[in-house]
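Enquirer: Could you have a look at this structure, given as structure tokens, before my questions?
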Amino acid sequence: MNQEQIIQCGDELYKALTQRHTLRPLTERFDGITIEEAYHISLRMMDRRVAAGETVIGKKIGVTSKAVQNMLNVYQPDFGYLTDKMAYSQGQEMPISEQLIQPKAEGEIAFILKKDLMGPGVTNADVLAATDCVIPCFEVVDSRIENWQIKIQDTIADNASCGLFILGDKAVDPRKVDLMTCGMVVEKNGSVISTGAGAAALGSPVNCVAWLANTLGTFGIPLKAGEVILSGSLVPLEPVQAGDFMSVSIGGIGSASVRFV
């Protein structure tokens, strides 16, 4: 791809985001699009969001669990950027019918950093030392690619299919919980729909954050103190619509819930 095509794709994805419509997969339209080119497209899309008044407040790791990889036929992690416009707090209703196109919810563990992390060479011990607390979280992903027909390049270009997220109201010290074995239970409209454990995400959510810090380090990008880092789903993606109510409980950490409107 040339620079003009990268800008074109980033602008198309931004328009799809703001006008709530989908696009044909980029991988069908541009033969041989690389992962590096896809990240440049995502940066163009994010530049448009920042120019429109959004502020970057963190980062997310996507496609970390086998359950999600198998659902999407995407078999390696990716990352995207979180903005203030995506963030909701416990007790707030989430207006997916106004903001998203084809939303799917996933239970995660969010890390709140107190120190910068800059790869390469970041270890799990570094991640724990840099983390202020962990919080139960729902990420509601969305795709600007029609029918979620994505390859890894499509979801990367689309800011790792970022949608919205909501944090629970309880935070704990990550050194006081076993993030590998902690169990997760997700309920939708009063029924348990999935269970998982920390090990579902690359063996541990801490591995995910270390992967992100080291991957971003190759681009000269740090994880910054104060940022929210979404570490990846521990359970399968669940389609949601207005009227649904979901809750997630994580052993040793707490819970989060959200009503969709």
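Enquirer: Kindly check whether there is at least one residue in the stretch 222-236 that is closer than 22 Å to residue 38 by Cβ, outside any strand (DSSP E or B) and without any contact (Cβ under 8 Å) to a residue 12 or more places away in the chain. Can you show your working first?
Expert: Residues of the stretch 222-236 that are closer than 22 Å to residue 38 by Cβ, as a first pass: 222-223, 229-233.
Those left that are additionally outside any strand (DSSP E or B): 222, 231-233.
Now drop any that are not without any contact (Cβ under 8 Å) to a residue 12 or more places away in the chain, which leaves none.
No - not one qualifying residue is present in the stretch 222-236.
Enquirer: Another question, if that's okay. Any residue that is surrounded by 18 or more Cβ atoms within 10 Å (Cβ to Cβ), assigned to a helix (DSSP H, G or I), in contact with a strand residue (DSSP E or B) (Cβ under 7 Å, 6 or more places away or on another chain) and modelled with pLDDT of 95 or more - is there at least one of those in the stretch 50-73?
Expert: Scanning the stretch 50-73, I find no residue that is surrounded by 18 or more Cβ atoms within 10 Å (Cβ to Cβ), assigned to a helix (DSSP H, G or I), in contact with a strand residue (DSSP E or B) (Cβ under 7 Å, 6 or more places away or on another chain) and modelled with pLDDT of 95 or more, so the answer is no.
Enquirer: Among the residues of the stretch 147-196, how many are closer than 25 Å to residue 128 by Cα and either hydroxyl-bearing (Ser, Thr, Tyr) or part of a strand (DSSP E or B) (or both)?
Expert: Qualifying residue count for the region: 10.
Enquirer: OK, next. Any chance the stretch 237-253 includes a residue that's outside any helix (DSSP H, G or I), more than 16 Å from residue 82 (Cβ to Cβ), out of contact with any His (no Cβ under 8 Å at 6 or more places or on another chain) and hydroxyl-bearing (Ser, Thr, Tyr)?
Expert: Let us first name the residues in the stretch 237-253 that are outside any helix (DSSP H, G or I), namely 237-253.
The next check asks that each one be more than 16 Å from residue 82 (Cβ to Cβ); those that pass are 237-253.
Still in the list and also out of contact with any His (no Cβ under 8 Å at 6 or more places or on another chain): 237-253.
Going one step further and asking which of them are hydroxyl-bearing (Ser, Thr, Tyr), we end up with 247, 249.
Checked the stretch 237-253: at least one residue is outside any helix (DSSP H, G or I), more than 16 Å from residue 82 (Cβ to Cβ), out of contact with any His (no Cβ under 8 Å at 6 or more places or on another chain) and hydroxyl-bearing (Ser, Thr, Tyr).
Enquirer: Of (1) in contact (Cβ under 8 Å) with a residue 60 or more places away in the chain; (2) more than 16 Å from residue 239 (Cα to Cα), residue 125 satisfies all except one. Which?
Expert: So residue 125 meets the others, but not (1).
Enquirer: So how many residues does the stretch 168-199 have that are closer than 29 Å to residue 95 by Cβ, among the aliphatic types (A, V, I, L, M) and buried (at least 22 other Cβ atoms within 10 Å of the Cβ)?
Expert: Residues meeting the conditions: 2.
Enquirer: Now a separate question. Give just the number: which of (1) within 20 Å of the chain's Cα centre (by Cα); (2) at pLDDT 95 or above; (3) exposed (fewer than 15 other Cβ atoms within 10 Å of the Cβ) does residue 36 not satisfy?
Expert: (2)
Enquirer: Residues in the stretch 107-124: is at least one of a type in the set (Lys, Arg), crowded, with 23+ Cβ neighbours inside 10 Å and on the phi < 0 side of the Ramachandran plot? Talk me through it step by step, then tell me what you get.
Expert: Step one: list which residues in the stretch 107-124 are of a type in the set (Lys, Arg), which gives 114-115.
Next, only the ones that are crowded, with 23+ Cβ neighbours inside 10 Å stay: none.
Within the stretch 107-124 (the criterion being of a type in the set (Lys, Arg), crowded, with 23+ Cβ neighbours inside 10 Å and on the phi < 0 side of the Ramachandran plot), the answer is no, since none of the residues qualifies.
Enquirer: Every residue in the stretch 1-25 that is under 21 Å from the mean Cα position of the chain (by Cα), part of a helix (DSSP H, G or I) and crowded, with 20+ Cβ neighbours inside 10 Å, please.
Expert: If the condition is that a residue be under 21 Å from the mean Cα position of the chain (by Cα), part of a helix (DSSP H, G or I) and crowded, with 20+ Cβ neighbours inside 10 Å, then 9, 10, 13, 14, 17 are the ones that fit.
Enquirer: Step by step: first the residues of the stretch 197-221, then only those that are assigned to a loop (DSSP other than H, G, I, E, B) and modelled with pLDDT of 85 or more, then the one that is nearest to residue 110 (Cα to Cα). Which residue is that? Before you say what the answer is, go through the steps one by one.
Expert: To start, the set of residues in the stretch 197-221 that are assigned to a loop (DSSP other than H, G, I, E, B) comprises 202-204, 218-221.
After this cut, where a residue has to be modelled with pLDDT of 85 or more as well, the list is 204, 218, 220-221.
Numbers: 204: 13, 218: 23, 220: 23, 221: 19 Å.
In this case the residue turns out to be 204.
Enquirer: Among 93, 28, which is the only one that is within 30 Å of residue 244 (Cβ to Cβ) and open to solvent by 50 Å² or more (accessible area, probe 1.4 Å)? Spell out how you get there, then give the answer.
Expert: Numbers: 28 fails: within 30 Å of residue 244 (Cβ to Cβ).
After applying the criteria, what remains is 93.
Enquirer: Only one of 235, 240, 258 is open to solvent by less than 50 Å² (accessible area, probe 1.4 Å), at pLDDT below 95 and aliphatic (A, V, I, L, M). Can you tell me which?
Expert: When all the criteria are applied, what remains is 235.
Enquirer: Are any of the residues in the stretch 220-231 under 19 Å from residue 57 (Cβ atoms), surrounded by fewer than 22 Cβ atoms within 10 Å (Cβ to Cβ) and in contact with a Cys (Cβ under 7 Å, 6 or more places away or on another chain)? Walk me through it before giving the result.
Expert: Of the stretch 220-231, the ones under 19 Å from residue 57 (Cβ atoms) are 221-231.
In the following step, the residues that additionally are surrounded by fewer than 22 Cβ atoms within 10 Å (Cβ to Cβ) were identified as 221-222, 224-228.
Narrowing further to those that are in contact with a Cys (Cβ under 7 Å, 6 or more places away or on another chain): none.
No - not one qualifying residue is present in the stretch 220-231.
The values are calculated or read from the model by the stated rules, or taken from the named source; none is laboratory data. Note that the structure is a prediction, hence the values are computed from the model and not measured. Quick reminder, even Gly has a Cβ in these numbers, built from the backbone with ideal geometry, and neighbours come from all protein chains shown. Quick note on the areas: whole protein, heavy atoms, side chains included, nothing else; ligands and nucleic acids left out. Shrake-Rupley method; radii C 1.70, N 1.55, O 1.52, S 1.80 Å.
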